[in-house]
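Colleague: Following this message is one structure expressed as structure tokens.
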Amino acid sequence: MSKTDTSEQQEALGAAGAQLSTAPQEDTAVGGPALGVIGWVRWFWRQLTSMRVALILLFMLSLGAVPGSLIPQNSADELKVRAFKDAHETLTPLYEKLQFFDVYSSVWFSAIYILLFVSLIGCIVPRSWQFVGQLRSRPPGAPRRLDRLPAHTTWRTEAEPEQVRAAALAVLKGRRFRAHQVGNAIAAEKGYLREAGNLAFHVALIVMLVAFAWGQLFKSEGGKLIVEGDGFSNTLTQYDDFKSGSQFGTDELTPFSFTLNSFTGTYQKDGPQRGTPRTFEAAVSYSQGDADKKAVIRVNEPLEVGDSKVYLIAHGYAPVVTVKDGRGKTVFHGAVPLLPIDNNITSTGAIKVMDGYRDKNGKKEQLGFKAFFVPTFAGEGKGTMFSQFPALGFPVMALTGFHGDLRVNSGLPQNVYQLDTTKMKQFKIEGGTGVAQRMLPGETMPLPDGAGSITFEKDIKEWASFQISQQPGNGLALTGAIAAIAGLTGSLFIQRRRVWVRAVRGEDGVTVVEMAGLGRSESAKLPEELGDLALALTAEAPPTAPVPEPAEEPAEDPVPSGEADK
Amino acid sequence: MILAATTNEGLAQMSDLLVYSSMAVYTLAFFAHIAEWVFGSRSKVGRTAAALTQQAPAAVTVQVKKAGGTAVLDRPKVVTRSASGTRDVPDGPGAAGGTVKGDLYGRIAVSLTVLAFVIEAAGVVSRALSVQRAPWGNMYEFSTTFSTVAVGAYLGFLLAKKNVRWIGLPLVTTILLDLGMAVTWLKTPSDQLVPALDSYWLWIHVSTAIFCGAVFYLGAVATLLYLFRDSYENKLATGGTPGSFARSVLERLPSAASLDKFSYRVNAAIFPLWTFTIIAGAIWAGDAWGRYWGWDAKEVWSFITWVGYAAYLHARATAGWKGRKAAYIALIAFACFLFNYYGVNIFVSSKHSYAGV
Ligand code: HEM
């Protein structure tokens, strides 16, 4: 659809073709400015807000987005970034300089989109003014030669010229054209919504960007692992990890609490995709200070409480163990969450008995156990300790016990899932592998030399981890998105076009009616519409002689122009 | 969606059989199209390049037909003029080149394509029934649906009496490639969805994505042919003699202006839907992962594709960038779409990884 606004045609049409859009005129002269500093600033601004530069910036934006999709990003997966850095020692310093591990918050990427949006604002404001001006003015009068326009028709009628013009005005207004009379012709225009839609679309882009930036500044996001039966209340200290935008204040956390009642996972039982998860459901009860309400959180169905959303992120097993000391006193009893290391939820973790334990001589000591757990054991002598299925089919736990100092008070932050054994001694175990002992639920393993015992309780709990996030601006972003689509649809599917109807008395005293249409772009719909309009008008101005066959190349001046009417 | 439902093996096997059958019928359609082009090349109709270099009529008379016009009133004839500065070259005669035999084979090819389409669509539907969910859980399923929709869109254009038969041969060829890849490398047994995909947004987001891809594809074919045809016309206009292949094949295509118009219409019409697809995806991501936009590889490439097509539309609106330059942008944008599908799914690790690709 090549646009008709080539300069040649523009000249031929004069004012009639002007302002059919608000697109900025492309000044093809790239020459520098003439006048000092202000001249330069002006020149720069004109360049920045030109369509050509907008196009180049759009290109740069998409090009700039590429590296972030191919190189691991800190924002997505810090572990992967670390692995990448370890594997590429020469590239890493270069990439770090170029901010390739944080592409989307990098200086250069931000520069591109900020420039683009400055350009956009610089473009949209004058265009909006211009459009308001166009709305307040009336469609321009008919060009002298209507037969030069992309669609044209003419006929002769007995009706008076005034009568024809009045009828044309009525027909055009009836079809919701903005129409008025200029000289001996009716000028009409329709499809302003196209421009409105286009402006709305570009404004909506700005709204979306603002919403996105606002969300980034004020968001908060934290993770929490909860074992069945345990609860969480939304305060900073309860989070396992917490990130927030620079403008977020911790007093803005929605006050609420919830308890994980149970977690249920189901898995494909047979076929080639055996073990693939099918459903994950976390049944919770939550409250905002009032009565408890029940809810089920699924992977695609977060729980919404006030401004916060609670997402189900991961799950695993938490075997319950009981540890007794040499005198038979229970020093530890509880569920120990273990971290999955594969899709069948083979899990590892640590059991730490910090205080209360005394050995058989009554000496204070700490105990630690490395735990290796499989929900479905392959079976004795199958050669693998890894789990065969993610559900609890044949749970087995292997434990390696240590005694000594857990070093939890050494000042170093400690991973709860790992044991620091530098200050500990391993218990010697009779039989077994000598390293770890496999246990079935309900079994108790005595520690050597009367050091006590550890019991793997029958009740194996599950845990689920949740992400609790609060992000303002989502509603605004969605509004912007919907406005963008609506505006875009209007902009692309609505044609803005002008129609002129001229009626003058010919030299032989018969009225000559001429109609012509002009659109932004060449479209088959324009002549069709003109045909319809003409047909509607012939009801009031019936053609007398047969409609003259249009010549191959329209005759030089088939209609005496305007003056004849006066 | 019933997640506990086990797959219905009978239906799944039937689906496989139907997809293979459709490939056989597409192959026949491919040969029929080849025959159409071969017979068409023997025609003398419109084969003289001289006809093109002649001054084409500047005005086209359009007699707009409309039922219900009073018989007495002769409908005024509307004269249209092309924009100044554009080449007025008539459309080529089509693959059959005006020959009866070529046309017969062309019709056979279209009929076979319709048959293959029906069989393939049945294959997709039975796959969906076998698992009682939307048949868009993995790349095998995307590929089969994608080709079905592309052919469906093409047949839709034909049904709407649009001049698109020229797209038949390239389309059927790529459909065969797409299906061939699907059954050899992407084959995944019929099964249930992983929980992350189990959402009604799957129906919305993935169906529109596939539809956009299929229609963008038609646009890209037209754009590519436009580039060839345009250089052919340029050569003629400047008095050069195109090679015999160009004379035989390109001459039978629609004019560069028509091809350009077709690809613009198709791309522009589908762009709002593509915008919607990305937004729907973002809403879904907000539900599934707790953030609506996270610059995941798939998101990045959808964004790049979107910006690419936006650049294309801008280019069309800017005087200096119409024609070939705009066409290159459209092709780059489509290449980004393709990379987002094959490249990101297979080579880049992304949150959008599905069961068995
Ligand atoms: C954020 C980046 C931008 C995007 C994604 C974007 C997207 C679009 C799209 C998709 C269209 C097509 C709609 C149509 O053809 O009517 C369009 C049209 C337009 N854009 Fe942008 N745009 C952006 C920035 C800009 C900037 C910076 C300018 C000004 C320099 C601008 C000026 C225009 C104009 C004048 C049109 C209308 C052209 C016409 O009337 O056909 N846009 N834009």
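Colleague: Taking a threshold of 22 Å on the Cα-Cα distance, which of the pairs A:Lys370/A:Lys423; A:Lys85/A:Lys370; A:Lys324/A:Lys382; A:Lys80/A:Lys243; A:Lys269/A:Lys293 fall above it? The partial results should precede the final answer.
Modeller: On the way: A:Lys370/A:Lys423 15 Å; A:Lys85/A:Lys370 30 Å; A:Lys324/A:Lys382 32 Å; A:Lys80/A:Lys243 19 Å; A:Lys269/A:Lys293 33 Å.
Pairs exceeding 22 Å: A:Lys85/A:Lys370; A:Lys324/A:Lys382; A:Lys269/A:Lys293.
Colleague: If you take the beta carbon distance between A:Ser128 and A:Trp45 as r and set R0 to 22 Å, what does 1/(1 + (r/R0)^6) give as a FRET efficiency, to the nearest 0.05? Working shown, then result.
Modeller: Details: r = 17 Å, r/R0 = 0.77.
The computed FRET efficiency comes out at 0.85.
Colleague: Quote to one decimal, in nm, the extra length available between A:Ala391 and A:Thr348 on full extension: 0.36 nm per residue of separation minus the C-alpha distance between them.
Modeller: Working: separation 43, 0.36 × 43 = 15.48 nm, distance 1.60 nm.
Going from the current span to full extension adds 13.9 nm.
Colleague: Okay, next question. What does the charge add up to near B:Arg107, with Lys and Arg as +1, Asp and Glu as -1, over the other residues with Cβ less than 13 Å from its Cβ? Can you show the working numbers first?
Modeller: Values: positive: B:Lys101, B:Arg165; negative: B:Glu36, B:Asp103.
Neighbourhood net charge equals 0.
Colleague: Any lysines with Cα under 22 Å of the B:Lys325 Cα? List them, leaving off those in the same chain fewer than 8 positions away.
Modeller: Leaving aside lysines fewer than 8 places away in the same chain, those within reach of B:Lys325 are A:Lys3, B:Lys235, B:Lys261.
Colleague: Over region A:316-460, what is the relative contact order in percent, taking alpha-carbon pairs closer than 8 angstrom and at least six residues apart?
Modeller: Working: 348 pairs, mean separation 35.9, N = 145.
With pairs under 8 Å counted, the relative contact order is 25 percent.
Colleague: Sequence neighbours fewer than 8 away in the same chain don't count; with that in mind, list the lysines whose C-alpha is under 20 Å from B:Lys101.
Modeller: Reachable lysines: B:Lys44.
Colleague: Inside 10 Å of the C-beta atoms of A:458-466, what's the mean count of C-beta atoms belonging to other chains? Before the final figure, lay out the partial values.
Modeller: On the way: counts 0, 0, 0, 0, 0, 0, 0, 0, 1.
If you average over the peptide's residues, the count of other-chain Cβ atoms is 0.
Colleague: What is the dipole size for the protein assembly as shown, taken about its Cα centre, with +1 at each Lys and Arg Cβ and -1 at each Asp and Glu Cβ, in debye to the nearest 20?
Modeller: Working: 87 positive and 79 negative charges, 172 e Å.
The calculation lands at about 820 debye.
Here, each number is a calculation from the coordinates, and none is a lab measurement. It should be emphasised that the depicted structure is a prediction, and the values quoted were computed from it without experimental measurement. Cβ: placed from backbone, ideal geometry, glycine included. Neighbour counts: every protein chain shown.
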